[in-house]
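Have a look at the structure below, then the notes.
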Amino acid sequence: MLWTVTTGQPRSRRRARRTRPGLLFTLGIVVALVVAAVIVLRPAGPRPLFQMPVGCGETWQLGTYPGHGDYDVDFFPLSGDPWGQPVLASYEGTVTVAGINGSLGGRTPENPDGPRGRGGGYWVKIDHGGRWETQYLHLLEPPMVEAGERVVQGQQIGRIGSTGNSGAPHLHYEQRRGWQKVETFFDGVPSGITVDDAEYTVRRTSNNCP
C-alpha cells in the first residue's frame, strides 16, 4: 500500500503541471478578446480637419461609379499629365502600412495599357489618432514613406500611378473611422460622395497648404 501511495503522488503532480499551460492559454485568449472588444467599442475621437491629398490650390475631379464601393473616392487632375503627380498626406499621423496591396500589374507611363494587377497596388495607410485613418492606393512606385514614420499634413507620400486593379492613372482614396469607411470631408466640408449606385463627379480645390 505504501508503494502505491508514494507513486500516486508524483503522477498527480505531473497532471497538475500539464494543465497549467492549458489554463494560461485559455486565460490569454480571454484577455485578448476583452482588449479587442474595448478597442472596437471605444468611440472615435473628433474628425481631423482632413485636406485633399493633392497640391495646394489645385482643382481636381473627385468621383465614383457603380461597383466602386461606398465612400471610395477617385482623384483625377483637371490639368497636366496624371502620371507621377504628387500624393500628399491629408493630415498628420503615423504611417502604418507602406507597401503592396494585391499585385502590381504592368501599367506604367511607358505602357499605360499593360496588364492590370490585383487590389490597390502600391499603397499607404496613415493612422491619425482617435481611430481615424486614411488610405492612398494605386501609387506609381514604392511609397516615399515607411511604416512607423511620422508624417505631417501636406507631406508627399507617393506619386499617382495605376498599379493594382486600376484602369487609368488616378488616386483611390478613403477615410475611415475605426474599421468603417465614411464619407470623405475636406477642409471641414463633405465631399458628397457616399453610395456607388451611380456615376458621380464633383470638382474641389485643395487647401492642403503649408
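The values are calculated or read from the model by the stated rules, or taken from the named source; none is laboratory data. Quantities reported herein were computed from a predicted structural model and do not represent experimental measurements. Cβ sites come from the backbone with ideal geometry, for glycine too, and all protein chains shown count toward neighbours.
Points to keep in mind about this one:
- Test: residue in region 148-162 that is hydroxyl-bearing (Ser, Thr, Tyr), in a strand (DSSP E or B) and either touching a residue at least 12 places away in the same chain (Cβ under 8 Å) or exposed (fewer than 14 other Cβ atoms within 10 Å of the Cβ) (or both): no
- Any hit, region 73-94, residues being surrounded by 17 or more Cβ atoms within 10 Å (Cβ to Cβ), acidic (Asp, Glu) and modelled with pLDDT of 95 or more: yes
- Per the conditions (1) buried (at least 21 other Cβ atoms within 10 Å of the Cβ); (2) in contact with a Leu (Cβ under 6 Å, 6 or more places away or on another chain); (3) part of a strand (DSSP E or B), the sole criterion not satisfied by residue 128 is (2).
- For residue 165, the test of being in contact with a strand residue (DSSP E or B) (Cβ under 6 Å, 6 or more places away or on another chain), more than 25 Å from residue 59 (Cβ to Cβ) and among the polar types (S, T, N, Q) is passed.
- Any hit, region 5-22, residues being at pLDDT below 95, assigned to a helix (DSSP H, G or I) and aliphatic (A, V, I, L, M): yes
- Residue list for region 59-71, filter: outside any strand (DSSP E or B) and buried (at least 19 other Cβ atoms within 10 Å of the Cβ): 71
Okay, residues lined up against (1) part of a loop (DSSP other than H, G, I, E, B); (2) at pLDDT 95 or above; (3) touching a Gly at 6+ places or on another chain (Cβ under 6 Å):
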residue	(1), (2), (3)
138	no, yes, yes
145	yes, yes, no
168	yes, yes, no
174	no, yes, no
193	yes, yes, no
204	no, yes, no
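- Within region 176-191, the set of residues being polar (S, T, N, Q) and in a loop (DSSP other than H, G, I, E, B) comprises 184, 191.
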